[in-house]
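Heads up: the structure comes next, in structure tokens.
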Amino acid sequence: MDARVERSDERARTGRPATIYRLSEAGDHLFPKHYDNLSIEMLDAVAEEIGGDALTRILARLADEKAEVFGAGLRGLTLAQKIGALKNWYFADDPYMDIEATGGTYRMMERNCPFLNTALRRPVLCSISVNALTRVLGYRVVREEKFQDGAGRCVFRVLEDQPIDPDSWEFKLESDLPR
């Protein structure tokens, strides 16, 4: 049996059990989905219907939630320990996230963005990661390389000379942050 199809037998009230076939999770992914288009349409609709400030507030909320969820387990750790834990930013033991520490500078290289199709068309979405990483680490974080620029990855650099107070950090669109 192909791993893309699951089979189960269901008992009928009378007669032989009915064999039911359905797509497995692996099989379901073979069919086109339009989640990216929906996300883009939602971002655009928020900005058009209730304004760009509302979209910024929504992105800030998402960044705050990500920082709270992920940062809770990192409180009290050193910067090096926090950076090490960020290998799991998207999922445990992420093979597409590399950490580089050279000369006291930390860089996180992300080779697989789970939101890539949406982020390519609406880069404002990436403000969530930049702000959440800044809050979690307690230092400003900037993207040095971007999928949107054709780099094939995003590289986040921790600016260790720019500590921030995570509790008072105010969300800013990535495009509005100083480089």
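The values are calculated or read from the model by the stated rules, or taken from the named source; none is laboratory data. These numbers come from a predicted model, not from an experiment. A quick note on method: Cβ atoms are made from the backbone with ideal geometry, for glycine too, and the neighbour counts reach across all protein chains shown. In case anyone asks, the SASA skips ligands and DNA or RNA and just uses the protein heavy atoms, side chains included. Shrake-Rupley method; radii C 1.70, N 1.55, O 1.52, S 1.80 Å.
Laid out as a table, the results:
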{"item": "Hits among lysines - C-alpha to C-alpha of residue 87 under 22 Å, sequence gap 8 or more where chains match", "result": "66, 146"}
{"item": "Check: the chain dipole with +1 on Lys, Arg Cβ and -1 on Asp, Glu Cβ, in debye", "result": "500"}
{"item": "Net charge of Cβ neighbours under 12 Å - reference residue 140; Lys, Arg +1; Asp, Glu -1", "result": "+1"}
{"item": "Distance in nm between pseudo-label sites at residue 14 and residue 54 (7 Å out along the Cβ direction from Cα)", "result": "5.8"}
{"item": "Accessible area in square angstrom per residue, the chain, 1.4 angstrom probe", "result": "63"}
{"item": "Helix 35-50 axis, angle to the chain major axis (alpha carbon atoms, nearest 10°)", "result": "50"}
{"item": "Selected from 91, 40, 116, residue furthest toward positive end of dipole (segment 14-125; charges at beta carbon)", "result": "91"}
{"item": "Aspartates and glutamates whose Cα lies under 13 Å from that of residue 172, excluding same-chain neighbours fewer than 8 positions away", "result": "53, 64"}
{"item": "Amide proton proximity set for residue 169, modelled H, under 5 Å, gap of 5+", "result": "none"}
{"item": "Contour minus Cα-Cα distance for residue 164 and residue 21 (0.36 nm per residue)", "result": "46.0 nm"}
{"item": "Solvent-accessible area, 1.4 Å probe, carbon plus sulfur percent, for segment 66-131", "result": "55"}
{"item": "For residue 139, distant residues with modelled amide H under 5 Å away", "result": "164"}
